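Taking it in order: structure first as structure tokens, then the write-up.
The values are calculated or read from the model by the stated rules, or taken from the named source; none is laboratory data. Please read these numbers as outputs of a predicted model, since none were measured by experiment. Cβ: placed from backbone, ideal geometry, glycine included. Neighbour counts: every protein chain shown. For the accessible areas, the whole protein counts, side chains as well, though only heavy atoms, and no ligand, DNA or RNA atoms are used. Shrake-Rupley method; radii C 1.70, N 1.55, O 1.52, S 1.80 Å.
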Amino acid sequence: MGNCCSDDGGGRSAVGGTAASHNNHAGGPNDAVDHFLNSRGYHGLFTQIELSLTASNLRDRDVLSKSDPMAVLYAKGRDGKLDEIGRTEVILNSLNPVWITKHTITYHFEVVQSLVFRVYDVDTQFHNMPVKMLKLDEQQFLGEATCPLSEIVTRPTGSLTLNLVTGEGSAHHQKFGELTVRAEECVGSKTTAEIVFRCTDLENKDLFSKSDPFLVISKIVESGSPIQVCKTEVKKNDLNPTWKPVFLNMQQVGSKDSPLIAECFNFNSNGKHDLIGKLQKSLAELEKLHNYGVGENFIFPTAGGHNYTNKTLNSKLYVDKYSENVQHTFLDYIAGGCELNFMVAIDFTASNGNPRLPDSLHYIDPSGRPNAYQRAILEVGEVLQFYDSDKRFPAWGFGARPIDGPVSHCFNLNGSNYHCEVEGIQGIMMAYTSALNNVSLAGPTLFGPVVNSAASIASHSLANNHNKYFVLLIITDGVITDLQETKDALVKASDLPMSVLIVGVGGADFKEMEVLDADKYERLESSTGRVASRDIVQFVPFRDVQSGETSIVQSLLAELPTQFLTYMRTRDILPHS
């Protein structure tokens with residue numbers, strides 16, 4: 001990785017304002033962003049990623065000194081349009097710049113986010129201008145690199161080195177130095193403290209009954225005023241209450257040594273709650289109270305002359321439980337080498353129509369326009385392929401009769417008798433086209449066998465301690481005829497590192513599929529009465545998303561990170577370091 005300090009002293013200085021002056025992030029995940037996305041119905045995985053850039057061996061375009069490079073970062077839309085995200089500062093006289101300015105970008109798991117990086121040599125006459133004001137066509141272009149964001153975040157080191165190329169004539173593939181992009185998740189702290197509070201001998205504030213106490217925990221901000229971070233429930237008629245646990249994230253409170261104020265109030269239905277007592281403690285001090293098993297006396301501020309004096313009360317606050325847990329994120333597991341293994345199962349039942357006729361759901365259009373099956377494979381595969389290093393994907397067909405054989409409800413799409421894996425997304429597409437020529441469409445529509453085949457691979461991987469999570473995509477046009485067997489297979493699979501995505505194509509009634517997707521219904525139950533340990537199915541009818549703005553992938557994959565984390569957390573599986 002290049003280092004500007006290895007040049008001469010001139011490489012250290014930056015122009016165009018300080019790095020901070022065009023640092024365009026607000027410091028970590030921000031409530032306004034979360035609210036903005038949630039208010040628009042977006043509930044997928046979004047987390048803020050901070051990108052930092054370095055370059056090495058840049059082209060030297062200056063005659064008497066080295067280049068003065070600046071990098072510009074763009075997001076590339078599906079239509080190829082570039083949207084500028086931000087610019088770094090200008091590093092003077094360096095071919096190996098390390099830029100200080102970082103850029104924050106919202107990472108969406110379910111979208112392929114293409115990034116373009118362009119490096120320019122900024123002309124001396126513009127050195128006193130803010131970088132935002134620079135006209136890029138007046139600067140010398142040193143090269144560009146492009147990659148999807150998911151390719152950076154899936155690297156164990158969180159960084160990716162790309163070759164800089166230029167589009168100038170025949171030199172298009174010539175290397176013009178390297179750009180290293182490092183991605184870091186903006187999570188202030190993943191540690192959460194779980195605390196159980198108890199009080200003794202609280203003062204009675206009510207005339208005809210005992211107090212109804214509740215606690216409010218606040219943090220003190222720089223201005224000195226308190227900001228509420230959590231509160232307990234109200235305990236009716238109780239002077240020695242023990243409340244349910246409260247959870248405090250380190251990011252919420254600032255740090256373990258930041259002062260917190262605990263106030264105990266007596267609840268009044270008119271909203272004017274009486275203060276019973278208060279005290280100030282940091283999380284570190286609350287932990288000590290728990291460790292030593294002692295309580296701390298509340299104080300009560302009373303007016304005396306010009307100043308408030310604090311009266312110490314007999315009532316005490318105890319900490320019955322104090323424990324800290326780290327909540328790892330989806331990207332922690334990915335950075336720890338956990339892979340998502342994509343699998344696909346395609347419905348070859350006769351209800352799809354004769355593949356040689358244009359009205360068939362399996363019709364391969366000579367113009368190259370993908371049918372619904374091809375679109376689903378391409379769109380889901382395009383996102384998931386980055387999370388699987390060997391890109392060997394199990395692929396099956398069901399509901400057809402392979403040449404001179406009985407109807408099969410789970411056959412290898414590649415025609416092999418021995419292995420079901422194909423190479424890459426193109427491998428799935430080729431095996432699909434080839435299968436259409438080599439099988440005769442039949443029926444009925446059974447899901448059980450393909451779910452069991454996928455589960456068997458996931459189970460084998462788990463037994464061998466492989467760091468993998470499996471995602472089975474089933475594309476179907478029909479109403480399934482083995483609903484209970486499918487439920488049995490899914491209930492069994494809910495204990496495995498596995499999720500099932502179902503895309504319904506065509507105009508059939510997909511009511512039963514909605515039952516499999518437990519979002520709207522009860523959790524799945526097997527014929528023996530066993531209930532699924534978690535929801536692992538996501539179903540989307542293709543016709544619902546064809547017209548809307550949300551792509552099929554976003555609807556399908558939105559829940560996947562949550563299903564993944566539920567599996568990992570309920571089994572106390574930690575990311576590999």
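Just to be sure before I move on: is C264 closer than 30 Å to T157 by Cβ, hydrophobic (A, V, I, L, M, F, W, C) and surrounded by 17 or more Cβ atoms within 10 Å (Cβ to Cβ) in the structure I sent? Spell out how you get there, then give the answer.
Working: closer than 30 Å to T157 by Cβ: no; hydrophobic (A, V, I, L, M, F, W, C): yes; surrounded by 17 or more Cβ atoms within 10 Å (Cβ to Cβ): yes.
Against the criterion (closer than 30 Å to T157 by Cβ, hydrophobic (A, V, I, L, M, F, W, C) and surrounded by 17 or more Cβ atoms within 10 Å (Cβ to Cβ)), C264 does not qualify.
Does S67 count as small (G, A, S), touching a Lys or Arg at 6+ places or on another chain (Cβ under 6 Å) and open to solvent by less than 20 Å² (accessible area, probe 1.4 Å)?
Details: small (G, A, S): yes; touching a Lys or Arg at 6+ places or on another chain (Cβ under 6 Å): yes; open to solvent by less than 20 Å² (accessible area, probe 1.4 Å): yes.
So S67 fits the description; yes.
Mind listing whichever residues of the stretch 471-518 are over 26 Å from the mean Cα position of the chain (by Cα), under 24 Å from L384 (Cα atoms) and hydroxyl-bearing (S, T, Y)?
Residue satisfying the conditions is T476 alone.
What number of residues in the stretch 98-128 are part of a loop (DSSP other than H, G, I, E, B) and farther than 19 Å from E184 by Cβ? Quick ask: steps written out before the conclusion?
Start the filter on the stretch 98-128 by keeping residues that are part of a loop (DSSP other than H, G, I, E, B), which leaves 99-102, 109-113, 122-123, 127-128.
Now restrict to residues that are farther than 19 Å from E184 by Cβ: 110-112, 122-123, 127-128.
Number of matching residues: 7.
Name the residue that is nearest to the chain's Cα centre (by Cα), counting only residues in the stretch 403-437 that are open to solvent by 40 Å² or more (accessible area, probe 1.4 Å) and polar (S, T, N, Q).
Taking the candidates together, the pick is Q426.
To keep it simple, each residue is scored yes or no on (1) hydroxyl-bearing (S, T, Y); (2) more than 30 Å from L357 (Cβ to Cβ); (3) free of Cβ contacts under 8 Å to residues at least 60 places away in the same chain.
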residue	(1), (2), (3)
T433	yes, no, no
L436	no, no, no
A442	no, no, no
L446	no, no, yes
V450	no, no, no
L462	no, yes, yes
K468	no, yes, no
L473	no, no, no
D477	no, no, no
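Within the stretch 260-281, does at least one residue satisfy the condition of being of a type in the set (S, T, Y) and either touching a Cys at 6+ places or on another chain (Cβ under 7 Å) or under 24 Å from D201 (Cα atoms) (or both)?
Taking the stretch 260-281 first, the residues of a type in the set (S, T, Y) are 269.
Restricting the remaining residues to those that are either touching a Cys at 6+ places or on another chain (Cβ under 7 Å) or under 24 Å from D201 (Cα atoms) (or both) gives 269.
Checking the stretch 260-281: at least one residue is of a type in the set (S, T, Y) and either touching a Cys at 6+ places or on another chain (Cβ under 7 Å) or under 24 Å from D201 (Cα atoms) (or both).
Given (1) in a strand (DSSP E or B); (2) open to solvent by 20 Å² or more (accessible area, probe 1.4 Å); (3) within 30 Å of S255 (Cβ to Cβ), where does T146 come up short, assuming only one miss?
(3)
Consider K321 carefully, then state whether it is more than 38 Å from the chain's Cα centre (by Cα) and among the basic types (K, R). Spell out the reasoning first.
Working: more than 38 Å from the chain's Cα centre (by Cα): no; among the basic types (K, R): yes.
So K321 does not fit the description; no.
Being hydroxyl-bearing (S, T, Y) and either part of a strand (DSSP E or B) or modelled with pLDDT under 90 (or both) is the filter here; which residues of the stretch 309-338 pass it? Explain how you work it out, then say what you get.
Within the stretch 309-338, the first condition is being hydroxyl-bearing (S, T, Y), and the residues that meet it are 309, 312, 315, 318, 322-323, 329, 333.
Correct list: T309, T312, S315, Y318, Y322, S323, T329.
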